[in-house]
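Trainee: Provided herewith is a single structure, encoded as structure tokens, for subsequent inquiry.
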Amino acid sequence: MGVLSGIVLPVRRKGPVQRVLWRLLVAVLLIVAVTGIVYFGRAGYGDAAGGPVGLLDAFYYACVAVSTTGYGDIVPVTPEARLINSLVVTPIRVLFVIILVGTTLEVLAEQSREEWRRRRWEATVEDHVVVIGYGTKGRAAADALLDAGISPHKVVVVDVAHASVAEAGGRGLVGVVGDATRSVVQRRAAVDRARDVIIATGRDDSAVLITLTARQINPGVAIQVAVNESENEPLLRQSGADHVIPAAEAAGRLLGLATSEPNVSAVIEDLLVLGSRLGLVERPVTPQEVGRPVGTVHDPVLAVVRDEQTLPYHGLPDRIMEQGDRLIVVRHHPA
């Protein structure tokens, strides 16, 4: 995962820290291997100080040899030792240098690659959905989008917490770290080219500021907001929200239904919970259905949307479907 200019792109592979640690381990093992080679063949090495070559001397020689320092105070003096140095130690020395240089180059290349990915994403992203706030409501909203078939790369999460954005990145979503009440943060999320904005923050006052900012950046974007207090709903609509969901009030009504009408509550829960037996789907009227009554549709129809208006429920089964109509139907998912 790369974090650049507040944008977190989806995780693709292990981070540079893990790769550096792995290469460091290989480098240490190479030094240990050379130390063993020199120590077991210590009779073929000479010490400039005139003393015998011990384990510490072998380790010292391995360090200066593989790092290409080469002080020359401990050198192979017999033909056998020089042959082993030529055929074994020298390739290890070259491999050691390749590991060190390669690690540095790869880290630099990774940074350049992440910068390129970020710039390419910023230049090409459009018609996406921005989810502001990745708490319980934001995660549920993202789940619903993915369940509806929207590509993870078309979902951008904005949150002030690095951990929340990192979690979204681990799921393949694009993330932006920052305070969405600021226009610069919303522009990083490309709100000006977004199709929808979902605001699922924990505070209603923040939701109002975010809504005002989003509407100013993109006057045509559809804005959905979750509100904690239903009395703040008119203010959010005046700020530019298209749909306002009173989350706390809706939860309270479900609790009341669970007590007075438990079966009704169970059906509503099935409709709301992802992966359950029932689901609500909006789909267009097919060419074969045009001119036929709504009651002939196989799936139960709850509503008909025509010219962005929901038609009255009275006489719905007998209503004739027209080209361009959209149906809100209940789908049954096998257990």
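The values are calculated or read from the model by the stated rules, or taken from the named source; none is laboratory data. Only a predicted model underlies this, so the values are computations on that prediction, with no experimental measurement involved. Cβ placement follows ideal geometry from the backbone for every residue including glycine, while neighbour counts extend to all protein chains displayed.
Trainee: Out of the helices (runs of 4 or more DSSP H) lying entirely within the range 223-328, which hold 1 or more residues that are over 18 Å from Thr201 (Cα atoms) and touching a residue at least 12 places away in the same chain (Cβ under 8 Å)?
Mentor: Working: elements: 233-239, 247-260, 262-272.
The helices (runs of 4 or more DSSP H) meeting that bar are 247-260, 262-272.
Trainee: Of all the residues that make up the range 296-319, how many are loosely packed, with under 13 Cβ neighbours inside 10 Å and in contact with a helix residue (DSSP H, G or I) (Cβ under 8 Å, 6 or more places away or on another chain)?
Mentor: Matching residues across the range 296-319 total 2.
Trainee: For the range 276-288, how many residues meet the condition of being surrounded by 13 or more Cβ atoms within 10 Å (Cβ to Cβ) and modelled with pLDDT of 90 or more?
Mentor: Number satisfying all stated conditions: 1.
Trainee: Now for a different question. Identify all residues within the range 104-158 that are of a type in the set (Phe, Trp, Tyr) and at pLDDT below 90; write none if there are none. Give the steps one after another, and end with the answer.
Mentor: Filtering the range 104-158 for residues of a type in the set (Phe, Trp, Tyr) gives 116, 121, 134.
Scanning the range 104-158 gives Trp116, Trp121.
Trainee: Taking the options Glu269, Glu233, Glu249, name whichever one is among the charged types (D, E, K, R), at pLDDT below 75 and within 30 Å of Ala214 (Cβ to Cβ). Give the derivation first.
Mentor: Values: Glu269 fails: within 30 Å of Ala214 (Cβ to Cβ); Glu233 fails: at pLDDT below 75.
Only one candidate passes the filter, namely Glu249.
Condition check ((1) in contact with a Pro (Cβ under 8 Å, 6 or more places away or on another chain); (2) assigned to a helix (DSSP H, G or I); (3) among the polar types (S, T, N, Q); (4) under 23 Å from Arg215 (Cα atoms)) across all residues:
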{"residue": "Asp143", "(1), (2), (3), (4)": "no, yes, no, no"}
{"residue": "Leu146", "(1), (2), (3), (4)": "yes, yes, no, no"}
{"residue": "Gly149", "(1), (2), (3), (4)": "no, no, no, no"}
{"residue": "Ala163", "(1), (2), (3), (4)": "no, yes, no, no"}
{"residue": "Ala166", "(1), (2), (3), (4)": "no, yes, no, no"}
{"residue": "Gly169", "(1), (2), (3), (4)": "yes, yes, no, no"}
{"residue": "Asp179", "(1), (2), (3), (4)": "no, no, no, yes"}
{"residue": "Val197", "(1), (2), (3), (4)": "no, no, no, yes"}
